[in-house]
Amino acid sequence: MTVSTFNRSWAKVIVNALLRYGVKHFCIAPGSRSTPLTLEAIQLQQSQLAQCHSHFDERGLGFFALGIAKSTNDPVAIIVTSGTAVANLYPAVIEASLTHHKLIVLSADRPPELIGCGANQAIPQQGIFANYPVASVNLPKPAEHYNAAWLAATIEQACVTQNQQGGVVHINAPFAEPLYEADENAISTHPWLKPIQSWLINPHTKWINSQTIQSEVSMHENWDYWRTKRGVIVVGKLPVEQGIGIKAWAETLGWCLLTDVQSCVDASLPYADIWLSNNTVHQRLLQADIVIQFGSQIVSKRVNKFLEAFKGEFWQVDEYSDYLNPFAHHQTRFIAKAHHFLRVHPPLRQKPWLLEPLALSQFCAGFIEQQVGGSLNEASLAHHIEEVLATNGNLFIGNSLFVRLVDALCKLPEGYPVYTNRGASGIDGLIATMAGVAQGSGQPTVGVIGDISALHDLNSVALLNKINHPCILFVINNSGGAIFDMLPVEAKAKEQFYRLAHNYEFAPIATMFGIEYIRPFTWADLKAKLKLAYGRKGVTIVEIKVNDQDGSNLYKSLIKQISQAEIA
């Protein structure tokens, strides 16, 4: 068997092992060294066992894969060639590891004899992602003295670890040349594969049958006591299915419910980021005996300040075992899904113990509406975001100012899927992630990002061209990083080194990549054009151009006015 043919047989075992652990999507960057992996992934697509996607930019490809993983809850494999191509995946690897989304990086590599000797495109790739992966496999150069069963078992074991913990697996696979002109007829029939032929033939058969033991959450021994007390429930980022029932549970207990925009829970006390700026209400809320927090990644600065100031009984509920304690609370930690926790902690019906938050929340609804006004700008888009969403669709929100405006100013429908990259909260790959969410879900998707975020990920506009169902990407163009207007930095330094003001517009970008583009000036104009956009099979970029400080100034003004409101 030639080297190129055996490379393919080796790669066949790798991609087939991934198939058995739920990989249905392979995201492939162009490259020569990764040819054995790429061609075997294509074989799976031709057999209708997987889909293959491609993109010329590895950084964008990594986030595109992350978006698919977010919307499908399946592991997604990424195939890249050797060298800095691997390093370009690092931001997506970090984000996925922090949010427990399943990415499997298949990095092709030069063989060991070409590392550290001046060979082209050869860098040390083992451990390149440090401690972020939950499993790292550094394979040897393909050789027949390694048993095929060993290779299958090694890859599957890494997948077993990922199934248990979520996160990223890195498989580094060196290949010697030649890489091309393999004997296609001999790839699957070589004697080396004979011990695992039955495994190869059946894509549902695993080499390692690992049984995951699900530990049931138990009722807290003092729940009968604590459920009679004054409580506050804080809900951070949660999958849609875990948020079901939290609102009714809180209302039965008579406890205050603070929900993040990422919670997918109907907010009974919306606009908490605004009304919690009022010190009187903030102090009264601190009279609670117990706080129970579900999920993490809280967007609101005011909610986080409340959590930091609270000194009573604190319970944290999250399905993963990460250490979630930014304010060093003396806490009780439940490693459980939110709906499992609710099932074993039945509520006791009580009257609400604190009415001021409800009154102030209701006041904020009209007050925000009045302050936002009828103009089309970033604040009004955040406040009325529900009006631009598709039925049975998704919302992807970028980072920086807009996610804070949505969290502070809007009230989303119960259970509407909201996606963010709030693990590391960077602006890397936001267009790519939105494209992945749209591609993976197959549902209409609205993404909203800022202009600096869009500039940071322009390469990924090419990914939008591959989506063939109605999707909308809003770009809020306030000529720079408006989030930095919130910082007490000297104006000249802020303008030059923080905001990075510019005069760029995005119409030429849409033209370059062949994407539909609109720039509405009023809400009536936007709604008329969105109706047409939702009738098209593809993505439309909507640029909302606004004055540079309007959104941040309104946000600061709302907080200031509510903070000074007198509460009886």
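The values are calculated or read from the model by the stated rules, or taken from the named source; none is laboratory data. Just so we're clear, the structure is a prediction, and the values are computed from it rather than from any experiment. Cβ atoms come from the backbone with ideal geometry, glycine included; neighbour counts cover every protein chain shown. Keep in mind that these areas ignore ligands, DNA and RNA; they rest on the heavy atoms of the full protein, side chains included. Shrake-Rupley method; radii C 1.70, N 1.55, O 1.52, S 1.80 Å.
Annotations for the structure displayed:
- Size estimate for the range 184-284 follows the Kirkwood approach: the inverse of mean 1/r over distinct Cα pairs works out to 18.8 Å.
- Interatomic Cα distance distribution for the range 484-568, bins of 10 angstrom, percent: 14, 29, 27, 22, 7, 1
- Distance histogram in 10 Å bins (all Cα pairs of the chain, percent per bin): 3, 17, 25, 23, 18, 10, 4, 1, 0
- Between 0 and 90°, nearest 10: helix 356-372 axis offset from the chain longest Cα axis: 80 degrees
- Computed over the chain: relative contact order in percent, which uses C-alpha pairs under 8 Å that are six or more apart: 14 percent
- Once Rg and the Kirkwood radius are both taken over the C-alpha atoms of the range 211-357, their ratio Rg/Rh works out to 0.93.
- Cα-derived Rg over Rh, computed across the range 252-330 with Rh taken as Kirkwood radius: 0.92
- Per residue solvent-accessible surface (Å²) - the chain, probe of 1.4 Å: 41 Å²
- Volume per residue for the range 384-518 equals 118 cubic angstrom (convex hull of Cα atoms).
- Tilt relative to the chain, helix 148-165 - C-alpha long axis, 0 to 90 degrees, to 10: 0 degrees
- Note on the range 100-165: percent of Cα-Cα distances in each 10 Å bin, starting at 0 and stopping at the bin with the largest distance, equals 17, 44, 32, 7.
- The alpha carbons of the range 357-424 stretch over 31, 28, 28 Å along the principal axes, in descending order.
- Spatial separation of Cα centroids for the range 333-398 and the range 502-568, in angstrom: 21 Å
- Percentage of interatomic Cα-Cα distances in the range 108-267 larger than 27 Å: 54 percent
- Dividing the mean sequence gap of close Cα pairs (under 8 Å, 6+ apart) by how many residues the range 432-480 holds gives a relative contact order of 51 percent.
- For the range 35-166, the spread of Cα coordinates along the three principal axes comes to 42, 31, 29 Å, biggest extent given first.
- Whole-number D in µm² s⁻¹ for the range 65-105, Kirkwood Cα-pair radius fed into Stokes-Einstein, 10 °C, 1.306 mPa s: 153 µm²/s
- In loop segments of the range 2-109 as defined by DSSP, the chymotrypsin sites (Phe, Trp or Tyr not before Pro) with at most 15 further C-beta atoms inside 10 Å of their C-beta are Phe56.
- The charge dipole of the chain, taken about the Cα centre with unit charges on the Cβ atoms of Lys, Arg (+1) and Asp, Glu (-1), comes to about 600 debye, rounded to the nearest 20.
- Close amide H partners of Asn477, meaning residues 5 or more places away or on another chain with modelled amide H under 5 Å apart, are Ile544, Lys545, Val546.
- Greater than 22 Å apart at Cα, pairs in Lys102/Lys301; Lys12/Lys194; Lys492/Lys560; Lys247/Lys556; Lys311/Lys337: Lys102/Lys301; Lys492/Lys560; Lys247/Lys556; Lys311/Lys337
- Enclosed volume per residue, in Å³, of the convex hull spanned by Cα atoms of the range 377-460: 94 Å³
- Hydrodynamic analysis of the range 157-205 uses the Kirkwood radius over alpha carbon pairs. Inserted into Stokes-Einstein at 20 °C and 1.002 mPa s, it gives a translational diffusion coefficient of 153 µm²/s.
- With the convex hull drawn over the C-alpha atoms of the range 438-498, the volume per residue is 92 Å³.
- Largest to smallest principal axis extent of the C-alpha atoms in the range 444-540, angstrom: 47, 31, 21
- Debye log10 I(q)/I(0) for the range 1-46, one point scatterer per Cα, at q = 0.21, 0.23, 0.31 Å⁻¹: -0.69, -0.81, -1.22
- To put it simply, the accessible area of the chain at a 1.4 Å probe is 51 percent carbon and sulfur.
- Across Met486, Met512, Met434, Met219, the residue with the most accessible area heads the list, and the full order at a 1.4 Å probe is Met512, Met219, Met486, Met434.
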